[in-house]
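One structure is given below, encoded as structure tokens.
The values are calculated or read from the model by the stated rules, or taken from the named source; none is laboratory data. For clarity, every value in this text was computed on a predicted model and none was experimentally measured. Glycine gets a Cβ as well: all are built from the backbone with ideal geometry, and neighbour counts include every protein chain shown.
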Amino acid sequence: MEERYEIRGKIGQGGLGAVYRGFDTRMNREIAIKRISVNEEDPALKEESTKQLMQEAGALASLQHPHIVTVYDVGSDEDGPYVVMELINGKTLDELIENAPLTWNDFRELALQTEEALIAAQEL
């Protein structure tokens, strides 16, 4: 990963790992890199988690939909598995509703976009 992707800062942290802002030096574009935390103490669990991640990312990479993030690459290195994907600049849902609730029209639009993405994913 080090030869192609540069990590430029952490975007967020979750229970399964962290997402970083990055840069793809070959394609000359900003990206998001998701690093998955795996149990280092259990080699079998680490291998199974990595395998499952690669399968899921491969399936997601085959989806092309305006409301689903595009996966560019998956891999694994000495730090564990990672997924390289489209970087979406903007606010999270939490940030959108932090100061004021969504209007009915904004909520409706968000719900419709989510529904369209779920239907596309289900058809995979």
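Out of 8, 26, 35, 4, which single residue is among the charged types (D, E, K, R) and within 29 Å of residue 124 (Cα to Cα)?
Answer to the check: 35.
Does residue 49 satisfy the criteria of being among the hydroxyl-bearing types (Ser, Thr, Tyr), modelled with pLDDT under 80 and either surrounded by 16 or more Cβ atoms within 10 Å (Cβ to Cβ) or in contact with a helix residue (DSSP H, G or I) (Cβ under 8 Å, 6 or more places away or on another chain) (or both)?
Working: among the hydroxyl-bearing types (Ser, Thr, Tyr): yes; modelled with pLDDT under 80: yes; either surrounded by 16 or more Cβ atoms within 10 Å (Cβ to Cβ) or in contact with a helix residue (DSSP H, G or I) (Cβ under 8 Å, 6 or more places away or on another chain) (or both): yes.
In short, yes.
Tell me, please, whether a residue that is touching a residue at least 40 places away in the same chain (Cβ under 8 Å) and over 23 Å from residue 122 (Cα atoms) can be found in region 65-76.
Yes - at least one qualifying residue is present in region 65-76.
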